[in-house]
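Okay, structure first, notes after.
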């Protein structure tokens, strides 16, 4: 159960969610774990009717229980609260569910949750290899799971955190998607860890999710944590690497697509097709898949969307409204129809346009210019193609723009580095911003920007007076690590090695 608040006060009670403690007049009250979960769920949504089935699914996500069991725990809860007919706190709506009727006051939390409480992780498709890679790397100090917006980094990190926790270790996940103007990242993380003392030993997995908006702060925090907290594994999800020593970068790419000559059975086994059908309701676990005619239409849709999970989910949601025939015709203008995401999803996941806006907000002027130029290139292109498409960019600015677009997961470089790929959705968004007829490439040599702030090359971080690590992070791919020429053991920390003197584990 994920609750984005730290304390809830009502009457003379205080519900401390991270500490799992209920107190009255500052005195702790003994309450069962299920009764606590019921109270937390209801109090987090005051005045809202919560159906019995929803309440049971939240409190007992992995167990089948009857309504009678719920009633037993509800009686125990009312007894602990000393509820009466005139002061019920929780009101039963016959045949429907329960509502918390007391007036509440909440104290926000830094959006953290234990991995053991991540009950709503959806079914993963095509990510077994990625999870296996993360398990292999789990003893490393810092792993960055990097990829474009909508590729599913958060879901993979949640699934890995649950596995890590199930193996007997502690795992905590903090969402940094929305920067907090009142707290620096380090303060938020320290506040969360104070509320989550190690309970299962000295191993801790700390997941910092959606770090691209506060990437510089996270980089500084990660360097400190690597030096001072050797038992900690730090998993970062971001649209770009931290670029610090000791970082292993694991690139998450869109889901594999069925081959052009694939038969119906091979198409049905494609992770991209499975995700679309699962979200559209056309295919569920242990049910037969649709016929090959339906699959062919789905195949064209998932190919048009490059297998990007968020785009597939949004398209699947529209399939129920439009039908596959109409959806296939309208997918040529994907940004116009890929909207209306899950009502509870963050704003940047409500549409593909919102997700792309979030990525483009961190691009420099040179990177925008280069993207505008290459948006007319074929699906796959070379470095020379990009150079010819952007002749007005100086050599240094061109090289920096290519590096930035690759680093920020806006364009993808092949494993051998000989070719590049621009996702169709990104291409469409670039053309919206820079129509080829009306927006010729401007000469922006010598200027760049972070947000609306003009800065000088080579680095915005230098302009802002921040330290830079110029060591390239090793990139992990299935089959091994791409490392510097020297073995890690011979490198200094500044060169990408791991010779940092570590402090001993703090006593528990």
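Derivation of every value follows stated rules applied to the coordinates shown; laboratory data play no part. Given the structure is predicted, the values throughout are model-derived calculations rather than measurements. As a convention, Cβ positions derive from the backbone with ideal geometry for all residues, glycine included, and neighbour counts pool all protein chains shown.
Residue ranges 164-172, 187-195 sort as 164-172, 187-195 when ordered by packing (mean number of other C-beta atoms within 10 Å per residue, highest first). Given R0 = 30 Å, the distance between the Cβ atoms of residue 178 and residue 403 translates into a calculated FRET efficiency of 0.60. Extension gain, residue 57 to residue 379, is 111.5 nm, computed as 0.36 nm per intervening residue step minus the present C-alpha separation. Cβ-Cβ distance of residue 392 and residue 361, R₀ of 22 Å, FRET efficiency by 1/(1 + (r/R0)^6): the value works out to about 0.35. If R0 is taken as 35 Å, the Cβ-Cβ distance between residue 190 and residue 45 corresponds to a FRET efficiency of 0.75.
The mean sequence distance of close C-alpha pairs (under 8 Å, at least 6 residues apart), as a share of the length of segment 5-108, puts its relative contact order at 36 percent.
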